């Protein structure tokens, strides 16, 4: 407890935009957020007084950081499993636990577990050598998808293999590979839930995530034309949160095939890009819900605040053009209803620097507003 | 500009809950908030890395604080006028300006100016001696209201005089008094607007403020059964913002008489308790709008997010009972849709420690939820 306020101290490992937006959610709840950040100018470090500089791969840094925290949680999944386990063994409350978190850290472990639970996944196989790659390709057909079992973020660490030879380089570098059939997609969905230690689960409406070049560019809430698939996706996420013992937010990224089947693609156990729309679009944002979950507070309602909500990511554009401040002026003039979230980052081409959210009654109109606003912040014109 | 982000630094003098909620609004806008706070455990100081400890009555403290700011604004009206003027003379951008702010600092100046503008006010008179008090009482009838021309917050600095002798003590203490007729009220309203240096004005729906013992306990948005009076109140606030040259949020507290007349009671030139409902209840909160206004960004839309929104203030209750943390647990269990804003303050009886907001379709139901939640946080039970 923070003696100044009589309310808990929540530690978040990682100082990126997820921790930054968690600080925004912690303020009204009266909570003290403590952030372990690699650099003093990380997005969360800029807005959080209790920022500790340190490395998430150093147990000394982690333990010093965790000491005054009532609970420790994460803004990314890069803390080595052994260190998460040691924090818990040393008496710290850590959510999600190492046993749950491993399923968001290691894709092979995740695939094995989901298969054991009988949940729908693409056909998959581990591959340690060229023979295994060739055999799997023969079985499911080319091209196929190879993923690094550990690491990988927003599409990095994922490769499309046209032939077995395409894996040679990866294997030579000793990357433990998960191979998957290349699923013919109608679209990608995300089912977001939060679960508390008590076992309460709250689910937001299932959303549609639009990817371009392996990067999520847009999230449409709710996903269009979901009938039974919406309930099925929510049920899947709730089951997974329960079976894996997740505490906090769980994002289940799903493939919807042309025949309407749902297959689990990836898991994340933290506030997730596919849930940024909840800040204005839901009565309880994913950041507040994550805090409530890891503290075992009762969860908030997840009802939408508008019929259609669209979030668009803003990537840094090419250098030159108007300053970010000027872009913001013009954007607000062009759309006084747009909601802007800047991450406090220096602009670099392709770097996620912000997101925008539009709300309204008509999805197409809302979508066009969000896309235009994102272009405006990226390029200085729409 | 903050070189780390390429976006402005906004300085706010005062580290209370208004600055704390402004920090919450500054985060998504990518702005750097800098707070001048008297104590390291003030509500805003707890959540704002750039907190400078100092006194708002010391020019040295103010100037050092203002040095890296693109604009300086206020979370209260207690900075002496001469120091506000000197900050501007020394090249700092200060909003609202001293010339505008004086109308929220000095009730006599305000009354004189409003009378000169021909705006509706209660009958009033300055009073420097007992003879003046007696004469005014004879003119408008007893009891009458006496206000300290300067100072006064949430009802302190306001007295009801039954006879001229009741003013003796005040006059003996040299309090410059403003006398006003005691207006027979139907209710109190608040018209909230924001104005930018460019001259753009945004107005929120007019709300009803419910006072108990001189303290605002509840705000109902929108005010019930306003017909022409709603437009009249908004027009009044817009006119005032324009004529006084206000930049930032202006709250115009109004009396509605039994005959439906509107009279201006008080002015505030900062985010105001009567606008806390806008955090969830309007597409643009008063805190974001204040930041946009003082930075001369185009203003955001002020549309409501639900048909009925009620804010209830939470005052500290008697010592004992469940901890604040336990109260929060039980409150969230009782009402998963309630929105809570804790100010990070130690609980003391009568001290404003939080507010709660409820949203919905039916005002009576929403009002009951907000009142119950406020009781819950105050007393540990509802």
Flag if residue B:328 is touching a helix residue (DSSP H, G or I) at 6+ places or on another chain (Cβ under 6 Å) and at the interface with chain A (Cβ under 9 Å from one of its Cβ atoms)
no
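Can you confirm whether residue B:314 is under 23 Å from residue B:225 (Cα atoms) and at pLDDT 95 or above?
So residue B:314 fails the test.
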Could you figure out which of (1) touching a residue at least 60 places away in the same chain (Cβ under 8 Å); (2) within 14 Å of chain B (Cβ to nearest Cβ); (3) within 24 Å of residue B:24 (Cβ to Cβ) isn't true of residue A:340?
(1)
Segment B:202-222 - residue that is free of Cβ contacts under 8 Å to residues at least 60 places away in the same chain and under 19 Å from residue B:236 (Cα atoms) and, of those, surrounded by the most Cβ atoms within 10 Å (Cβ to Cβ):
B:206
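Kindly provide the set of residues from segment A:95-131 that are out of contact with any helix residue (DSSP H, G or I) (no Cβ under 9 Å at 6 or more places or on another chain) and either within 19 Å of residue A:251 (Cβ to Cβ) or not in a loop (DSSP other than H, G, I, E, B) (or both), ordered by number.
A:107, A:108, A:111, A:112, A:115, A:116
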Just checking, does segment A:20-35 include any residue being within 14 Å of chain B (Cβ to nearest Cβ), at pLDDT 95 or above and over 24 Å from residue A:3 (Cβ atoms)?
yes
Across segment A:8-19, which residue is farthest from residue A:62 (Cα to Cα) among those that are more than 17 Å from the chain's Cα centre (by Cα) and more than 11 Å from every other protein chain (Cβ to nearest Cβ)?
A:9
In segment A:181-196, is there at least one residue being assigned to a loop (DSSP other than H, G, I, E, B), more than 21 Å from the chain's Cα centre (by Cα) and farther than 15 Å from residue A:253 by Cβ?
yes
For segment A:241-263, give me the residue count where each residue is out of contact with any strand residue (DSSP E or B) (no Cβ under 6 Å at 6 or more places or on another chain) and in a helix (DSSP H, G or I).
3
Taking segment A:343-364 and keeping residues touching a residue at least 12 places away in the same chain (Cβ under 8 Å) and more than 11 Å from chain B (Cβ to nearest Cβ) leaves A:348, A:349, A:350, A:351, A:352, A:361, A:362, A:363
What number of residues within segment B:161-180 satisfy the criterion of being surrounded by fewer than 16 Cβ atoms within 10 Å (Cβ to Cβ) and under 22 Å from the mean Cα position of the chain (by Cα)?
0
For residue A:194, are the conditions met, namely being without any contact (Cβ under 8 Å) to a residue 60 or more places away in the chain, closer than 26 Å to residue A:363 by Cα and buried (at least 17 other Cβ atoms within 10 Å of the Cβ)?
no
Members of segment B:36-67 that are over 24 Å from residue B:104 (Cβ atoms) and more than 14 Å from chain A (Cβ to nearest Cβ):
B:60, B:64, B:67
For segment B:295-309, pairs from a residue that is at the interface with chain A (Cβ under 7 Å from one of its Cβ atoms) to a residue that is in a loop (DSSP other than H, G, I, E, B) and crowded, with 20+ Cβ neighbours inside 10 Å, with Cβ under 7 Å and 6 or more apart or across chains, are B:299/B:196; B:300/B:283; B:300/B:284; B:301/B:283; B:301/B:284; B:305/B:283
Filtering segment A:69-91 for residues that are within 14 Å of another protein chain (Cβ to nearest Cβ) and outside any strand (DSSP E or B) leaves a count of 1
If you take just the helices (runs of 4 or more DSSP H) that sit entirely in segment B:264-373, which of them hold at least 1 residues that are surrounded by fewer than 18 Cβ atoms within 10 Å (Cβ to Cβ)?
B:324-334
State all residues of segment B:272-294 that are away from every other protein chain (no Cβ under 14 Å) and either at positive phi or touching a helix residue (DSSP H, G or I) at 6+ places or on another chain (Cβ under 6 Å) (or both); if no residue qualifies, say none.
B:275, B:286
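The values are calculated or read from the model by the stated rules, or taken from the named source; none is laboratory data. Because the structure is predicted, anything quoted here is derived from the model rather than measured. Neighbour counts are summed over all protein chains in view; Cβ atoms, including those assigned to glycine, are modelled from backbone coordinates with ideal geometry.
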